[in-house]
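The values are calculated or read from the model by the stated rules, or taken from the named source; none is laboratory data. No experiment lies behind these values; they were computed from the predicted model shown. All accessible areas refer to the heavy atoms of the entire protein, side chains included, with ligands and DNA or RNA removed. Shrake-Rupley method; radii C 1.70, N 1.55, O 1.52, S 1.80 Å.
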Amino acid sequence: MESKRQQKVARQVQKDLSEIFQREMAHQFGGAFITVTNVRISPDLSIARIYLSFLATKNKNLLLDTIREKSRSIRQHLGERVRHQLRIVPDLQFFLDDTAEYAAQMDKLFAGLDIPPAPPEEEEE
């Protein structure tokens, strides 16, 4: 269970990273639409695990690698935004959030199931 402080910091980091990806660094990622879906902060607030979802990109793993390579620059932008709220800017670890794709795959599997109707129940007299 996360503390309230962890939750507040996670929300702030998520908000700031979303703005960084959409406004300040959008041109560096080839016009891909990057969504920060979730942020998990360690109890000592030193590590942030960021889960990303991508739209308008063909190779998601390549884009994720590019983001990881530029994590130092992203962390610097984040530090400029949170310097008055946090003592330490957390280290950023980026992960691909594939829950939407997983849900779509499950929907496709369920749609393909052939479930026969239940047999009619006989009335007892």
Q.
Counting only protein heavy atoms and a 1.4 Å probe, tell me what percentage of the chain's accessible area is made up of carbon and sulfur.
A. 50 percent
Q) Computed over the Cα atoms of the range 61-111, what is the ratio Rg over Rh, Rh following Kirkwood? A) 1.23
Q: Report ³J(HN,Hα) in whole Hz for each residue of the range 20-34, in order, from the Karplus equation J = 6.51 cos²θ - 1.76 cosθ + 1.60 where θ = phi - 60°; Gly and Pro get x.
A: 4, 5, 8, 10, 7, 10, 4, 5, 7, 10, x, x, 5, 8, 9
Q) Where is the GNM fluctuation largest for the chain (alpha-carbon springs, 10 angstrom cutoff): D107, D97, D16? A) D107
(Q) Quick check on the chain: of the DSSP beta bridges with both residues there, what percent are antiparallel, nearest 5%? (A) 55 percent
Q: Compute the Cα gyration tensor for the range 1-53, then decide on rounded, prolate or oblate, letting a ≥ b ≥ c be the square roots of its eigenvalues: rounded whenever a/c is under 1.5, prolate when a/b is larger than b/c in the other cases, and oblate in all that remain.
A: prolate
**Q.** Relative contact order for the chain, counting Cα pairs under 8 Å that sit 6 or more residues apart, in percent
**A.** 23 percent
Q.
So if I average 1/r over every pair of distinct C-alpha atoms in the chain and take the inverse, what Kirkwood radius in Å does that give?
A. 16.9 Å
Q. If you plug each phi of the range 64-69 into the Karplus form 6.51 cos²θ - 1.76 cosθ + 1.60 with θ = phi - 60°, what whole-Hz ³J(HN,Hα) values come out, in order, with x for Gly and Pro?
A. 4, 4, 4, 5, 4, 5
Q | Cα-based reach from K15 at 26 Å (exclusive), listing lysines while leaving out same-chain residues under 8 positions away | A | K4, K58, K60, K70
**Q.** Where the chain is the region considered: accessible area per residue in Å², 1.4 Å probe
**A.** 74 Å²
